[in-house]
Amino acid sequence: MAKKTASKKHGPVAKARKGKAAKVKGQRQRAKANTKAAQGALRQLTNAEIEEVFRRFKAANPEPKTELNYVNPFTLLVAVVLSAQATDSGVNKATPALFALADTPEKMAALGETKVRDLIKTIGLYRTKAKNVVELSRILVEQHGGEVPRTREALEALPGVGRKTANVVLNVAFGEPTLAVDTHIFRVSNRTGLAPGKTPLEVELKLEAVVPAKYKSHAHHWLILHGRYTCLARKPHCEKCIIADLCQWPGKTVLQK
């Protein structure tokens, strides 16, 4: 037991949390490094390195969760559709009133586009999103018995639902090991060398190929949270990054331990 405690105290996760992982370089150097990373030009991590990345993510956060508020697969679907080009916190401010009135496709379709629009007007692109939410609700009622379908193809056939949204719903609502690549995951995958790629689809397919099966169910959340709170777009917090010594981004300097 004493040995296990010592390991946690002096392991890579503990060291990184103490701010001894890395420091970022100057703005010009970071910009050049970001350009190189966005082109998918950095070295891809080895299988052993990828295993270690996810081992550390799990050690730091064993059960990561989506930050979107929802009560069932339908409200999750709606929340994800609303989150396109918007923040999760912004969506979470608008959805309580919406879901209090309509937490099923039947209720949402009956609520109507005008009412939905009024309830979500604080969210970007709210007019188009209100139209899509009401229409997808109608389709769920008419074609799927009021249930959210469990296949990517059926989900992507719904208004306002693309591959990323479908993957989130499949993962969060139904436990499928899908990997939804948003701007955060695209950035983290390219910067670190985890799965370099020039397009979100290329990154997604690489992630599917290299992420160990035992980590796939949570991989999406670990990566998005890492991009949202540590690997920021303009100036990442490399000083508290738990995988800085593995990361291939040339915009940081790893400190000696």
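The values are calculated or read from the model by the stated rules, or taken from the named source; none is laboratory data. Everything quoted here is computed from the prediction, not taken from an experiment. Here the Cβ positions follow ideal geometry from the backbone for every residue, glycine too, while neighbour counts run over all protein chains shown.
Every condition in (1) buried (at least 16 other Cβ atoms within 10 Å of the Cβ); (2) of a type in the set (Val, Ile, Thr); (3) not in a helix (DSSP H, G or I) is met by Ile50 except one, and the failing one is (3).
Name the residue, out of Val71, Val81, Val91, that is in contact with an Asp or Glu (Cβ under 7 Å, 6 or more places away or on another chain), among the β-branched types (Val, Ile, Thr) and modelled with pLDDT of 95 or more.
Details: Val81 fails: in contact with an Asp or Glu (Cβ under 7 Å, 6 or more places away or on another chain); Val91 fails: in contact with an Asp or Glu (Cβ under 7 Å, 6 or more places away or on another chain).
When all the criteria are applied, what remains is Val71.
Scanning the range 173-203 for residues that are under 11 Å from the mean Cα position of the chain (by Cα) and among the hydrophobic types (A, V, I, L, M, F, W, C) gives Leu179, Ala180, Val181, Ile185, Phe186, Val188. Kindly indicate the residue of the range 1-31 that is among the aliphatic types (A, V, I, L, M) and at pLDDT below 50 and also surrounded by the most Cβ atoms within 10 Å (Cβ to Cβ) among those meeting that condition. Checked the range 1-31; the qualifying residue surrounded by the most Cβ atoms within 10 Å (Cβ to Cβ) is Ala6. Filtering Lys164, Lys129, Lys206, Lys216 for residues that are more than 19 Å from the chain's Cα centre (by Cα) and either surrounded by fewer than 21 Cβ atoms within 10 Å (Cβ to Cβ) or not assigned by TED's automatic domain parsing to the domain that holds Ala41 (or both) leaves a single hit, Lys129.
For every residue, the table says whether it meets (1) within 24 Å of Ala37 (Cβ to Cβ); (2) of a type in the set (A, V, I, L, M).
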| residue | (1), (2) |
| --- | --- |
| Glu156 | no, no |
| Asn171 | no, no |
| Glu176 | no, no |
| Leu194 | yes, yes |
| Glu202 | yes, no |
| Val210 | yes, yes |
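Per this entry, Asn34 is not counted among residues that are among the polar types (S, T, N, Q), modelled with pLDDT of 95 or more and either surrounded by fewer than 20 Cβ atoms within 10 Å (Cβ to Cβ) or not in a helix (DSSP H, G or I) (or both).
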